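The values are calculated or read from the model by the stated rules, or taken from the named source; none is laboratory data. Note that the structure is predicted; figures quoted are calculated from it, not measured. Don't worry about glycine lacking a Cβ; one is built from the backbone with ideal geometry, like all the others, and counts go over all protein chains shown.
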(Lines give C-alpha, C1' and ligand atoms only; values in the text may rest on other atoms or scores of the structure.)
Protein backbone atom coordinates (compact mmCIF):
# COMPACT_ATOMS: atom_id res chain seq x y z
CA UNK A 1 0.00 0.00 0.00
CA UNK A 2 2.89 2.38 0.71
CA UNK A 3 4.10 1.86 -2.86
CA UNK A 4 0.62 2.58 -4.26
CA UNK A 5 0.32 5.79 -2.25
CA UNK A 6 3.76 6.95 -3.43
CA UNK A 7 2.86 6.25 -7.03
CA UNK A 8 -0.41 8.16 -6.69
CA UNK A 9 1.39 11.09 -5.13
CA UNK A 10 3.97 11.15 -7.93
CA UNK A 11 1.21 11.09 -10.56
CA UNK A 12 -0.70 13.88 -8.84
CA UNK A 13 2.43 16.04 -8.56
CA UNK A 14 2.94 15.59 -12.28
CA UNK A 15 -0.67 15.89 -13.54
CA UNK A 16 -2.48 18.35 -11.25
CA UNK A 17 -0.47 21.36 -12.48
CA UNK A 18 -1.59 20.56 -16.06
CA UNK A 19 -5.22 20.57 -14.94
CA UNK A 20 -5.00 23.55 -12.60
CA UNK A 21 -3.47 25.72 -15.32
CA UNK A 22 -6.55 25.27 -17.52
CA UNK A 23 -9.44 24.51 -15.19
CA UNK A 24 -11.00 27.95 -14.68
CA UNK A 25 -9.80 29.54 -17.94
CA UNK A 26 -13.18 29.27 -19.75
CA UNK A 27 -14.87 31.06 -16.84
CA UNK A 28 -13.09 34.41 -16.78
CA UNK A 29 -13.81 37.10 -19.41
CA UNK A 30 -17.55 37.55 -20.02
CA UNK A 31 -20.58 39.51 -18.93
CA UNK A 32 -22.28 37.27 -16.37
CA UNK A 33 -19.55 37.72 -13.76
CA UNK A 34 -21.52 36.58 -10.73
CA UNK A 35 -22.36 33.33 -12.50
CA UNK A 36 -18.72 32.84 -13.47
CA UNK A 37 -17.74 33.47 -9.86
CA UNK A 38 -20.22 30.80 -8.69
CA UNK A 39 -18.70 28.35 -11.18
CA UNK A 40 -15.14 29.10 -10.07
CA UNK A 41 -16.12 28.79 -6.39
CA UNK A 42 -17.02 25.13 -6.94
CA UNK A 43 -14.18 24.37 -9.36
CA UNK A 44 -11.68 25.79 -6.90
CA UNK A 45 -13.07 23.95 -3.88
CA UNK A 46 -10.21 21.49 -4.32
CA UNK A 47 -11.69 18.08 -4.95
CA UNK A 48 -9.56 15.03 -5.49
CA UNK A 49 -9.73 15.38 -9.31
CA UNK A 50 -10.16 11.60 -9.54
CA UNK A 51 -11.98 11.56 -12.90
CA UNK A 52 -9.67 13.89 -14.85
CA UNK A 53 -6.55 12.24 -13.46
CA UNK A 54 -7.84 8.77 -14.36
CA UNK A 55 -8.63 10.07 -17.85
CA UNK A 56 -5.06 11.33 -18.28
CA UNK A 57 -3.61 8.09 -16.90
CA UNK A 58 -5.80 6.03 -19.25
CA UNK A 59 -4.38 7.92 -22.22
CA UNK A 60 -0.86 7.21 -20.97
CA UNK A 61 -1.71 3.57 -20.23
CA UNK A 62 -2.36 2.96 -23.93
CA UNK A 63 0.74 4.83 -25.09
CA UNK A 64 -0.79 8.30 -25.62
CA UNK A 65 0.11 11.55 -23.84
CA UNK A 66 -1.60 13.44 -21.02
CA UNK A 67 -1.71 16.60 -23.09
CA UNK A 68 -3.82 15.04 -25.87
CA UNK A 69 -6.34 13.85 -23.26
CA UNK A 70 -6.41 17.17 -21.38
CA UNK A 71 -9.62 18.56 -22.97
CA UNK A 72 -11.37 15.33 -22.00
CA UNK A 73 -10.04 15.57 -18.45
CA UNK A 74 -11.30 19.14 -18.09
CA UNK A 75 -14.70 18.14 -19.50
CA UNK A 76 -14.98 15.32 -16.94
CA UNK A 77 -14.17 17.62 -14.03
CA UNK A 78 -16.77 20.14 -15.26
CA UNK A 79 -19.42 17.40 -15.45
CA UNK A 80 -18.48 16.06 -12.02
CA UNK A 81 -18.55 19.55 -10.48
CA UNK A 82 -21.93 20.37 -12.06
CA UNK A 83 -23.33 17.12 -10.63
CA UNK A 84 -22.14 18.01 -7.12
CA UNK A 85 -23.70 21.49 -7.30
CA UNK A 86 -27.07 20.15 -8.47
CA UNK A 87 -27.04 17.16 -6.10
CA UNK A 88 -26.49 19.47 -3.13
CA UNK A 89 -29.61 21.55 -3.91
CA UNK A 90 -32.52 21.51 -1.42
CA UNK A 91 -34.72 19.65 -3.96
CA UNK A 92 -32.08 16.90 -4.19
CA UNK A 93 -29.79 15.84 -1.33
CA UNK A 94 -30.12 19.18 0.52
CA UNK A 95 -26.54 19.56 1.72
CA UNK A 96 -25.11 22.68 3.34
CA UNK A 97 -21.48 21.60 3.34
CA UNK A 98 -19.23 20.23 0.61
CA UNK A 99 -15.48 19.71 0.97
CA UNK A 100 -15.66 21.61 4.27
CA UNK A 101 -17.16 24.76 2.74
CA UNK A 102 -20.74 26.02 2.30
CA UNK A 103 -22.35 24.49 -0.78
CA UNK A 104 -22.78 26.59 -3.91
CA UNK A 105 -26.45 27.48 -3.34
CA UNK A 106 -25.70 28.50 0.26
CA UNK A 107 -23.30 31.15 -1.07
CA UNK A 108 -24.82 32.20 -4.42
CA UNK A 109 -28.49 31.27 -4.03
CA UNK A 110 -30.41 28.44 -5.64
CA UNK A 111 -31.02 30.16 -8.96
CA UNK A 112 -27.34 30.84 -9.56
CA UNK A 113 -26.37 27.37 -8.31
CA UNK A 114 -28.69 25.76 -10.86
CA UNK A 115 -27.25 27.98 -13.59
CA UNK A 116 -23.66 27.36 -12.45
CA UNK A 117 -24.29 23.64 -12.90
CA UNK A 118 -25.88 24.24 -16.30
CA UNK A 119 -22.95 26.40 -17.37
CA UNK A 120 -20.41 23.76 -16.30
CA UNK A 121 -22.27 20.99 -18.10
CA UNK A 122 -22.42 23.10 -21.25
CA UNK A 123 -18.76 24.07 -21.09
CA UNK A 124 -17.77 20.42 -20.66
CA UNK A 125 -18.96 19.81 -24.19
CA UNK A 126 -17.67 23.18 -25.36
CA UNK A 127 -14.09 22.59 -24.24
CA UNK A 128 -13.99 19.22 -26.00
CA UNK A 129 -15.77 20.41 -29.15
CA UNK A 130 -13.37 23.30 -29.66
CA UNK A 131 -10.20 21.37 -28.78
CA UNK A 132 -7.52 20.94 -31.41
CA UNK A 133 -7.79 17.14 -31.64
CA UNK A 134 -8.34 14.52 -34.32
CA UNK A 135 -12.02 15.12 -35.28
CA UNK A 136 -13.02 11.43 -35.12
CA UNK A 137 -11.54 10.91 -31.65
CA UNK A 138 -13.06 14.17 -30.49
CA UNK A 139 -16.55 13.14 -31.66
CA UNK A 140 -16.18 9.75 -29.97
CA UNK A 141 -15.13 11.40 -26.71
CA UNK A 142 -18.10 13.79 -26.89
CA UNK A 143 -20.53 10.91 -27.45
CA UNK A 144 -19.02 8.98 -24.51
CA UNK A 145 -19.31 12.01 -22.27
CA UNK A 146 -22.99 12.44 -23.17
CA UNK A 147 -23.65 8.75 -22.57
CA UNK A 148 -21.93 8.75 -19.18
CA UNK A 149 -23.51 11.98 -17.95
CA UNK A 150 -27.02 11.69 -19.38
CA UNK A 151 -30.26 10.02 -18.40
CA UNK A 152 -28.92 6.53 -19.19
CA UNK A 153 -25.93 7.32 -16.97
CA UNK A 154 -25.27 9.74 -14.14
CA UNK A 155 -28.42 11.87 -14.31
CA UNK A 156 -30.57 8.73 -14.49
CA UNK A 157 -28.80 7.28 -11.45
CA UNK A 158 -29.44 10.43 -9.47
CA UNK A 159 -33.14 10.25 -10.41
CA UNK A 160 -33.38 6.62 -9.27
CA UNK A 161 -31.54 7.52 -6.08
CA UNK A 162 -34.05 10.31 -5.36
CA UNK A 163 -36.92 7.91 -5.99
CA UNK A 164 -35.22 5.25 -3.85
CA UNK A 165 -35.47 7.36 -0.74
CA UNK A 166 -39.19 6.71 -0.92
CA UNK A 167 -38.94 3.01 -1.80
CA UNK A 168 -39.60 0.65 1.12
CA UNK A 169 -38.01 -2.58 -0.01
CA UNK A 170 -34.81 -2.23 -1.88
CA UNK A 171 -32.34 -4.97 -2.66
CA UNK A 172 -28.68 -5.31 -3.60
CA UNK A 173 -29.48 -5.49 -7.33
CA UNK A 174 -31.29 -2.16 -7.21
CA UNK A 175 -28.48 -0.59 -5.19
CA UNK A 176 -25.96 -1.83 -7.76
CA UNK A 177 -28.06 -0.44 -10.61
CA UNK A 178 -28.20 3.00 -9.00
CA UNK A 179 -24.46 3.09 -8.42
CA UNK A 180 -23.66 1.74 -11.87
CA UNK A 181 -25.50 4.76 -13.27
CA UNK A 182 -24.90 7.46 -10.66
CA UNK A 183 -21.19 6.96 -9.98
CA UNK A 184 -20.09 4.20 -12.33
CA UNK A 185 -21.15 5.67 -15.66
CA UNK A 186 -18.98 8.78 -15.43
CA UNK A 187 -15.98 6.90 -14.03
CA UNK A 188 -16.29 4.39 -16.88
CA UNK A 189 -16.50 7.31 -19.31
CA UNK A 190 -13.42 8.89 -17.70
CA UNK A 191 -11.32 5.86 -18.53
CA UNK A 192 -12.81 5.30 -21.97
CA UNK A 193 -12.48 8.95 -23.00
CA UNK A 194 -8.83 8.85 -21.95
CA UNK A 195 -8.38 5.65 -23.95
CA UNK A 196 -9.99 7.14 -27.07
CA UNK A 197 -8.05 10.41 -26.89
CA UNK A 198 -4.83 8.45 -26.26
CA UNK A 199 -5.43 6.40 -29.42
CA UNK A 200 -6.35 3.04 -27.86
CA UNK A 201 -7.06 -0.05 -29.95
CA UNK A 202 -10.54 -1.51 -29.38
CA UNK A 203 -9.56 -4.26 -26.87
CA UNK A 204 -7.59 -1.78 -24.72
CA UNK A 205 -10.53 0.59 -24.80
CA UNK A 206 -12.87 -2.16 -23.59
CA UNK A 207 -10.41 -3.20 -20.88
CA UNK A 208 -10.25 0.37 -19.58
CA UNK A 209 -14.02 0.70 -19.69
CA UNK A 210 -14.36 -2.45 -17.57
CA UNK A 211 -11.63 -1.22 -15.23
CA UNK A 212 -13.61 2.00 -14.81
CA UNK A 213 -16.79 0.09 -13.99
CA UNK A 214 -15.02 -1.96 -11.32
CA UNK A 215 -13.34 0.97 -9.59
CA UNK A 216 -16.63 2.88 -9.80
CA UNK A 217 -18.21 0.13 -7.73
CA UNK A 218 -15.27 0.06 -5.32
CA UNK A 219 -15.43 3.82 -4.98
CA UNK A 220 -19.11 3.77 -4.05
CA UNK A 221 -18.77 0.98 -1.49
CA UNK A 222 -15.91 2.86 0.12
CA UNK A 223 -17.99 6.05 0.15
CA UNK A 224 -20.76 4.21 2.02
CA UNK A 225 -18.27 2.69 4.48
CA UNK A 226 -16.74 6.11 5.14
CA UNK A 227 -20.14 7.68 5.68
CA UNK A 228 -21.00 4.95 8.19
CA UNK A 229 -17.74 5.14 10.14
CA UNK A 230 -16.28 8.66 9.85
CA UNK A 231 -16.91 11.96 11.59
CA UNK A 232 -17.91 15.30 10.02
CA UNK A 233 -14.37 16.59 10.34
CA UNK A 234 -12.97 13.55 8.52
CA UNK A 235 -15.32 14.00 5.58
CA UNK A 236 -15.73 17.77 5.30
CA UNK A 237 -19.46 17.12 5.12
CA UNK A 238 -22.15 15.69 7.35
CA UNK A 239 -21.24 12.11 8.31
CA UNK A 240 -23.78 9.42 9.09
CA UNK A 241 -26.27 11.31 6.94
CA UNK A 242 -27.21 8.22 4.89
CA UNK A 243 -28.04 6.15 7.95
CA UNK A 244 -29.77 9.13 9.54
CA UNK A 245 -32.27 9.35 6.72
CA UNK A 246 -32.70 5.57 6.51
CA UNK A 247 -30.98 5.43 3.12
CA UNK A 248 -29.94 1.98 1.92
CA UNK A 249 -26.18 1.56 1.64
CA UNK A 250 -23.70 -1.31 1.26
CA UNK A 251 -23.00 -1.46 5.01
CA UNK A 252 -26.73 -1.40 5.80
CA UNK A 253 -27.39 -4.27 3.37
CA UNK A 254 -24.23 -6.35 3.87
CA UNK A 255 -22.94 -5.26 7.28
CA UNK A 256 -19.61 -3.46 7.64
CA UNK A 257 -17.52 -6.62 7.14
CA UNK A 258 -19.61 -7.69 4.14
CA UNK A 259 -19.17 -4.26 2.59
CA UNK A 260 -15.39 -4.43 3.12
CA UNK A 261 -15.31 -7.83 1.44
CA UNK A 262 -17.31 -6.52 -1.55
CA UNK A 263 -14.87 -3.61 -1.78
CA UNK A 264 -11.82 -5.81 -1.97
CA UNK A 265 -13.47 -8.05 -4.59
CA UNK A 266 -14.27 -5.03 -6.78
CA UNK A 267 -10.68 -3.86 -6.51
CA UNK A 268 -9.36 -7.29 -7.52
CA UNK A 269 -11.66 -7.26 -10.54
CA UNK A 270 -10.38 -3.83 -11.50
CA UNK A 271 -6.75 -4.97 -11.36
CA UNK A 272 -7.50 -8.00 -13.58
CA UNK A 273 -8.74 -5.74 -16.35
CA UNK A 274 -5.40 -3.96 -16.53
CA UNK A 275 -3.41 -7.09 -17.38
CA UNK A 276 -3.15 -6.42 -21.13
CA UNK A 277 -2.14 -2.75 -21.00
CA UNK A 278 1.40 -1.58 -21.76
CA UNK A 279 1.65 1.06 -18.98
CA UNK A 280 -0.52 -0.16 -16.13
CA UNK A 281 1.46 0.73 -13.00
CA UNK A 282 -0.21 4.07 -12.27
CA UNK A 283 -3.77 2.86 -12.78
CA UNK A 284 -3.14 -0.20 -10.62
CA UNK A 285 -1.83 2.03 -7.85
CA UNK A 286 -4.93 4.24 -8.13
CA UNK A 287 -7.28 1.28 -7.84
CA UNK A 288 -5.55 0.15 -4.64
CA UNK A 289 -5.37 3.68 -3.30
CA UNK A 290 -9.02 4.55 -3.97
CA UNK A 291 -10.26 1.42 -2.26
CA UNK A 292 -8.22 2.11 0.85
CA UNK A 293 -8.19 5.91 0.94
CA UNK A 294 -8.70 7.26 4.44
CA UNK A 295 -9.62 10.72 3.05
CA UNK B 1 -48.57 39.29 -44.15
CA UNK B 2 -51.01 36.70 -45.51
CA UNK B 3 -48.27 35.47 -47.86
CA UNK B 4 -45.76 35.20 -44.99
CA UNK B 5 -48.23 33.22 -42.85
CA UNK B 6 -48.93 30.84 -45.77
CA UNK B 7 -45.23 30.28 -46.36
CA UNK B 8 -44.66 29.59 -42.65
CA UNK B 9 -47.54 27.12 -42.60
CA UNK B 10 -46.20 25.32 -45.67
CA UNK B 11 -42.72 25.07 -44.09
CA UNK B 12 -44.16 23.77 -40.82
CA UNK B 13 -46.27 21.15 -42.62
CA UNK B 14 -43.13 19.97 -44.35
CA UNK B 15 -40.59 20.15 -41.48
CA UNK B 16 -42.47 19.35 -38.27
CA UNK B 17 -43.02 15.68 -39.22
CA UNK B 18 -39.23 15.30 -39.64
CA UNK B 19 -38.69 16.67 -36.15
CA UNK B 20 -41.57 14.89 -34.47
CA UNK B 21 -40.44 11.51 -35.76
CA UNK B 22 -37.10 11.86 -33.93
CA UNK B 23 -37.73 14.21 -31.01
CA UNK B 24 -38.41 11.77 -28.17
CA UNK B 25 -36.49 8.78 -29.57
CA UNK B 26 -33.44 9.20 -27.30
CA UNK B 27 -35.73 9.20 -24.24
CA UNK B 28 -37.39 5.79 -24.46
CA UNK B 29 -35.51 2.58 -23.59
CA UNK B 30 -33.56 2.92 -20.34
CA UNK B 31 -33.72 2.41 -16.61
CA UNK B 32 -34.65 5.82 -15.23
CA UNK B 33 -38.17 5.73 -16.63
CA UNK B 34 -39.69 8.41 -14.46
CA UNK B 35 -36.96 10.84 -15.52
CA UNK B 36 -37.51 9.94 -19.19
CA UNK B 37 -41.23 10.53 -18.70
CA UNK B 38 -40.52 13.98 -17.23
CA UNK B 39 -38.35 14.79 -20.25
CA UNK B 40 -40.99 13.62 -22.73
CA UNK B 41 -43.69 15.59 -20.88
CA UNK B 42 -41.91 18.84 -21.69
CA UNK B 43 -40.78 17.83 -25.19
CA UNK B 44 -44.34 16.88 -26.08
CA UNK B 45 -45.90 20.05 -24.66
CA UNK B 46 -46.06 21.30 -28.23
CA UNK B 47 -44.03 24.47 -28.48
CA UNK B 48 -43.65 26.37 -31.68
CA UNK B 49 -40.37 24.63 -32.56
CA UNK B 50 -38.99 27.99 -33.71
CA UNK B 51 -35.32 27.19 -33.16
CA UNK B 52 -35.18 23.78 -34.84
CA UNK B 53 -37.27 24.96 -37.80
CA UNK B 54 -35.04 28.01 -38.28
CA UNK B 55 -32.01 25.72 -38.15
CA UNK B 56 -33.45 23.49 -40.90
CA UNK B 57 -34.41 26.53 -43.00
CA UNK B 58 -30.93 27.99 -42.60
CA UNK B 59 -29.43 24.80 -44.00
CA UNK B 60 -31.80 24.99 -46.96
CA UNK B 61 -31.15 28.71 -47.40
CA UNK B 62 -27.49 28.00 -48.20
CA UNK B 63 -28.27 25.08 -50.53
CA UNK B 64 -28.09 22.19 -48.01
CA UNK B 65 -30.85 19.79 -46.98
CA UNK B 66 -33.07 19.66 -43.92
CA UNK B 67 -32.03 16.09 -43.19
CA UNK B 68 -28.34 16.95 -42.82
CA UNK B 69 -29.26 19.67 -40.30
CA UNK B 70 -31.72 17.49 -38.37
CA UNK B 71 -29.33 16.48 -35.52
CA UNK B 72 -28.61 20.17 -34.98
CA UNK B 73 -32.32 20.98 -34.97
CA UNK B 74 -33.03 18.30 -32.35
CA UNK B 75 -30.14 19.53 -30.23
CA UNK B 76 -31.51 23.08 -30.30
CA UNK B 77 -34.98 21.97 -29.23
CA UNK B 78 -33.45 19.96 -26.37
CA UNK B 79 -31.48 22.98 -25.18
CA UNK B 80 -34.51 25.26 -25.49
CA UNK B 81 -36.73 22.81 -23.59
CA UNK B 82 -34.16 22.36 -20.82
CA UNK B 83 -33.97 26.13 -20.43
CA UNK B 84 -37.75 26.40 -20.05
CA UNK B 85 -37.83 23.67 -17.39
CA UNK B 86 -35.05 25.27 -15.35
CA UNK B 87 -36.35 28.83 -15.84
CA UNK B 88 -39.77 27.80 -14.50
CA UNK B 89 -38.33 26.48 -11.21
CA UNK B 90 -39.26 28.22 -7.95
CA UNK B 91 -35.67 29.46 -7.52
CA UNK B 92 -35.83 31.12 -10.96
CA UNK B 93 -39.01 32.58 -12.51
CA UNK B 94 -41.35 30.43 -10.37
CA UNK B 95 -44.00 29.63 -12.98
CA UNK B 96 -46.83 27.13 -12.51
CA UNK B 97 -48.06 27.13 -16.10
CA UNK B 98 -46.26 26.69 -19.42
CA UNK B 99 -48.02 26.31 -22.77
CA UNK B 100 -51.31 25.94 -20.88
CA UNK B 101 -50.18 22.97 -18.79
CA UNK B 102 -48.61 22.65 -15.32
CA UNK B 103 -44.86 23.21 -15.44
CA UNK B 104 -42.51 20.23 -15.19
CA UNK B 105 -41.69 20.64 -11.48
CA UNK B 106 -45.40 20.93 -10.65
CA UNK B 107 -45.94 17.46 -12.12
CA UNK B 108 -42.67 15.63 -11.39
CA UNK B 109 -41.24 17.54 -8.43
CA UNK B 110 -38.29 19.93 -8.34
CA UNK B 111 -35.59 17.26 -8.16
CA UNK B 112 -36.78 15.49 -11.28
CA UNK B 113 -37.37 18.78 -13.10
CA UNK B 114 -33.76 19.82 -12.46
CA UNK B 115 -32.57 16.41 -13.68
CA UNK B 116 -34.90 16.47 -16.71
CA UNK B 117 -33.28 19.74 -17.75
CA UNK B 118 -29.82 18.30 -17.14
CA UNK B 119 -30.68 15.21 -19.19
CA UNK B 120 -31.98 17.31 -22.09
CA UNK B 121 -28.91 19.53 -22.11
CA UNK B 122 -26.65 16.48 -22.09
CA UNK B 123 -28.59 14.74 -24.86
CA UNK B 124 -28.43 17.86 -27.02
CA UNK B 125 -24.69 17.34 -27.28
CA UNK B 126 -25.09 13.56 -27.45
CA UNK B 127 -27.41 13.58 -30.45
CA UNK B 128 -25.05 15.86 -32.38
CA UNK B 129 -21.88 14.05 -31.33
CA UNK B 130 -23.19 10.66 -32.45
CA UNK B 131 -24.80 11.88 -35.70
CA UNK B 132 -23.49 10.55 -38.98
CA UNK B 133 -22.20 13.89 -40.29
CA UNK B 134 -18.97 15.29 -41.64
CA UNK B 135 -16.74 15.36 -38.49
CA UNK B 136 -15.50 18.92 -39.02
CA UNK B 137 -19.00 20.35 -39.47
CA UNK B 138 -20.22 18.32 -36.50
CA UNK B 139 -17.49 19.69 -34.23
CA UNK B 140 -18.22 23.25 -35.37
CA UNK B 141 -21.92 22.78 -34.66
CA UNK B 142 -21.13 21.38 -31.20
CA UNK B 143 -18.89 24.33 -30.37
CA UNK B 144 -21.58 26.80 -31.56
CA UNK B 145 -24.19 25.06 -29.43
CA UNK B 146 -21.99 25.29 -26.34
CA UNK B 147 -21.26 28.96 -27.03
CA UNK B 148 -24.94 29.83 -27.50
CA UNK B 149 -26.19 27.87 -24.49
CA UNK B 150 -23.40 28.47 -21.97
CA UNK B 151 -22.45 31.17 -19.52
CA UNK B 152 -21.43 33.60 -22.27
CA UNK B 153 -24.81 32.98 -23.90
CA UNK B 154 -28.19 31.79 -22.69
CA UNK B 155 -27.26 30.66 -19.16
CA UNK B 156 -25.40 33.93 -18.57
CA UNK B 157 -28.40 35.92 -19.77
CA UNK B 158 -30.67 34.09 -17.38
CA UNK B 159 -28.25 34.84 -14.51
CA UNK B 160 -28.20 38.56 -15.37
CA UNK B 161 -31.97 38.53 -15.65
CA UNK B 162 -32.28 37.00 -12.16
CA UNK B 163 -29.90 39.63 -10.79
CA UNK B 164 -31.78 42.37 -12.66
CA UNK B 165 -34.93 41.78 -10.66
CA UNK B 166 -33.04 43.24 -7.73
CA UNK B 167 -31.41 46.11 -9.65
CA UNK B 168 -33.04 49.50 -9.09
CA UNK B 169 -31.91 51.48 -12.10
CA UNK B 170 -31.75 49.62 -15.32
CA UNK B 171 -31.40 51.08 -18.79
CA UNK B 172 -32.02 50.07 -22.37
CA UNK B 173 -28.40 48.99 -22.89
CA UNK B 174 -28.60 46.57 -19.99
CA UNK B 175 -31.95 45.22 -21.21
CA UNK B 176 -30.44 44.66 -24.67
CA UNK B 177 -27.44 42.86 -23.15
CA UNK B 178 -29.68 40.50 -21.21
CA UNK B 179 -31.78 39.68 -24.25
CA UNK B 180 -28.76 39.32 -26.52
CA UNK B 181 -27.55 36.59 -24.16
CA UNK B 182 -30.77 35.06 -22.84
CA UNK B 183 -32.78 34.79 -26.06
CA UNK B 184 -30.49 36.03 -28.81
CA UNK B 185 -27.53 33.72 -28.33
CA UNK B 186 -29.45 30.49 -28.91
CA UNK B 187 -31.42 31.91 -31.84
CA UNK B 188 -28.17 33.10 -33.40
CA UNK B 189 -26.72 29.64 -32.82
CA UNK B 190 -29.82 28.05 -34.41
CA UNK B 191 -29.21 29.86 -37.67
CA UNK B 192 -25.45 29.42 -37.62
CA UNK B 193 -25.63 25.70 -36.79
CA UNK B 194 -28.05 25.24 -39.69
CA UNK B 195 -25.67 27.17 -41.93
CA UNK B 196 -22.67 25.07 -40.89
CA UNK B 197 -24.48 21.74 -41.25
CA UNK B 198 -25.86 22.88 -44.62
CA UNK B 199 -22.34 23.61 -45.86
CA UNK B 200 -22.44 27.43 -45.89
CA UNK B 201 -19.53 29.53 -47.11
CA UNK B 202 -18.17 31.94 -44.47
CA UNK B 203 -20.05 35.10 -45.63
CA UNK B 204 -23.38 33.22 -45.72
CA UNK B 205 -22.71 31.87 -42.28
CA UNK B 206 -22.05 35.37 -40.94
CA UNK B 207 -25.19 36.72 -42.66
CA UNK B 208 -27.31 34.02 -41.04
CA UNK B 209 -25.73 34.68 -37.67
CA UNK B 210 -26.59 38.37 -37.95
CA UNK B 211 -30.10 37.49 -39.14
CA UNK B 212 -30.48 35.32 -36.03
CA UNK B 213 -29.35 38.15 -33.76
CA UNK B 214 -31.89 40.54 -35.31
CA UNK B 215 -34.85 38.18 -35.09
CA UNK B 216 -33.81 37.28 -31.56
CA UNK B 217 -34.22 40.92 -30.63
CA UNK B 218 -37.52 41.15 -32.50
CA UNK B 219 -38.75 38.02 -30.79
CA UNK B 220 -38.00 39.37 -27.32
CA UNK B 221 -39.63 42.74 -27.93
CA UNK B 222 -42.73 40.97 -29.21
CA UNK B 223 -42.71 38.70 -26.15
CA UNK B 224 -42.68 41.76 -23.88
CA UNK B 225 -45.48 43.42 -25.89
CA UNK B 226 -47.57 40.25 -25.69
CA UNK B 227 -47.02 39.97 -21.95
CA UNK B 228 -48.12 43.56 -21.49
CA UNK B 229 -51.24 43.31 -23.66
CA UNK B 230 -52.50 39.72 -23.68
CA UNK B 231 -54.60 37.63 -21.30
CA UNK B 232 -53.67 34.34 -19.63
CA UNK B 233 -55.78 32.41 -22.13
CA UNK B 234 -53.98 34.03 -25.08
CA UNK B 235 -50.56 33.10 -23.75
CA UNK B 236 -51.13 29.77 -22.02
CA UNK B 237 -49.23 31.23 -19.08
CA UNK B 238 -49.65 34.05 -16.59
CA UNK B 239 -49.96 37.35 -18.47
CA UNK B 240 -48.90 40.70 -17.06
CA UNK B 241 -46.45 38.84 -14.84
CA UNK B 242 -43.49 41.03 -15.83
CA UNK B 243 -45.27 44.26 -14.98
CA UNK B 244 -46.69 42.68 -11.84
CA UNK B 245 -43.24 42.05 -10.42
CA UNK B 246 -41.93 45.42 -11.59
CA UNK B 247 -39.65 43.81 -14.17
CA UNK B 248 -38.17 46.10 -16.78
CA UNK B 249 -39.40 45.38 -20.31
CA UNK B 250 -39.36 47.12 -23.70
CA UNK B 251 -42.89 48.53 -23.21
CA UNK B 252 -42.02 49.76 -19.71
CA UNK B 253 -38.89 51.53 -20.99
CA UNK B 254 -40.12 52.73 -24.39
CA UNK B 255 -43.90 52.74 -24.07
CA UNK B 256 -46.07 50.43 -26.15
CA UNK B 257 -45.70 52.49 -29.35
CA UNK B 258 -41.95 52.83 -28.87
CA UNK B 259 -41.67 49.07 -28.38
CA UNK B 260 -43.65 48.44 -31.57
CA UNK B 261 -41.36 50.77 -33.49
CA UNK B 262 -38.26 48.99 -32.14
CA UNK B 263 -39.83 45.68 -33.19
CA UNK B 264 -40.37 46.76 -36.77
CA UNK B 265 -36.82 48.14 -36.98
CA UNK B 266 -35.36 44.84 -35.78
CA UNK B 267 -37.40 42.95 -38.36
CA UNK B 268 -36.18 45.26 -41.15
CA UNK B 269 -32.60 44.67 -40.06
CA UNK B 270 -33.19 40.90 -40.12
CA UNK B 271 -34.53 41.03 -43.66
CA UNK B 272 -31.51 43.03 -44.88
CA UNK B 273 -29.15 40.28 -43.72
CA UNK B 274 -30.87 37.77 -46.01
CA UNK B 275 -30.14 39.69 -49.21
CA UNK B 276 -27.17 37.58 -50.32
CA UNK B 277 -28.66 34.10 -49.72
CA UNK B 278 -29.79 31.86 -52.58
CA UNK B 279 -33.01 30.55 -50.92
CA UNK B 280 -34.24 33.28 -48.65
CA UNK B 281 -38.04 33.21 -49.10
CA UNK B 282 -38.83 30.98 -46.10
CA UNK B 283 -36.58 32.78 -43.64
CA UNK B 284 -37.94 36.15 -44.73
CA UNK B 285 -41.48 34.92 -44.17
CA UNK B 286 -40.52 33.67 -40.70
CA UNK B 287 -39.00 37.01 -39.72
CA UNK B 288 -42.20 38.80 -40.69
CA UNK B 289 -44.38 36.18 -39.06
CA UNK B 290 -42.49 36.10 -35.76
CA UNK B 291 -42.65 39.85 -35.39
CA UNK B 292 -46.38 39.96 -35.95
CA UNK B 293 -47.48 36.64 -34.48
CA UNK B 294 -50.65 36.98 -32.46
CA UNK B 295 -50.07 33.64 -30.71
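Some points to look at:
- Residues in region B:111-127 that are more than 7 Å from every other protein chain (Cβ to nearest Cβ), within 19 Å of the chain's Cα centre (by Cα) and over 13 Å from residue B:36 (Cβ atoms): B:117, B:124, B:127.
- Selection within region A:140-161 - in contact with a helix residue (DSSP H, G or I) (Cβ under 6 Å, 6 or more places away or on another chain), within 7 Å of chain B (Cβ to nearest Cβ) and surrounded by fewer than 24 Cβ atoms within 10 Å (Cβ to Cβ): A:143, A:160
- Which numbered condition residue B:96 fails, given (1) touching a strand residue (DSSP E or B) at 6+ places or on another chain (Cβ under 7 Å); (2) surrounded by 20 or more Cβ atoms within 10 Å (Cβ to Cβ): (2)
- Residue within region A:144-165 that is farther than 20 Å from residue B:145 by Cβ, out of contact with any strand residue (DSSP E or B) (no Cβ under 9 Å at 6 or more places or on another chain) and at pLDDT below 90 present: yes
- Every listed requirement among (1) modelled with pLDDT of 95 or more; (2) closer than 20 Å to residue A:88 by Cα; (3) outside any helix (DSSP H, G or I) is met by residue A:199 save one, (2).
- Residue A:191 away from every other protein chain (no Cβ under 12 Å) and either out of contact with any strand residue (DSSP E or B) (no Cβ under 6 Å at 6 or more places or on another chain) or not in a helix (DSSP H, G or I) (or both): yes
- Scanning region B:96-106 for residues that are assigned to a loop (DSSP other than H, G, I, E, B) and either within 11 Å of chain A (Cβ to nearest Cβ) or modelled with pLDDT under 95 (or both) yields a total of 2.
- Check on residue B:34, over 28 Å from residue B:208 (Cβ atoms), surrounded by fewer than 16 Cβ atoms within 10 Å (Cβ to Cβ) and within 14 Å of chain A (Cβ to nearest Cβ): no
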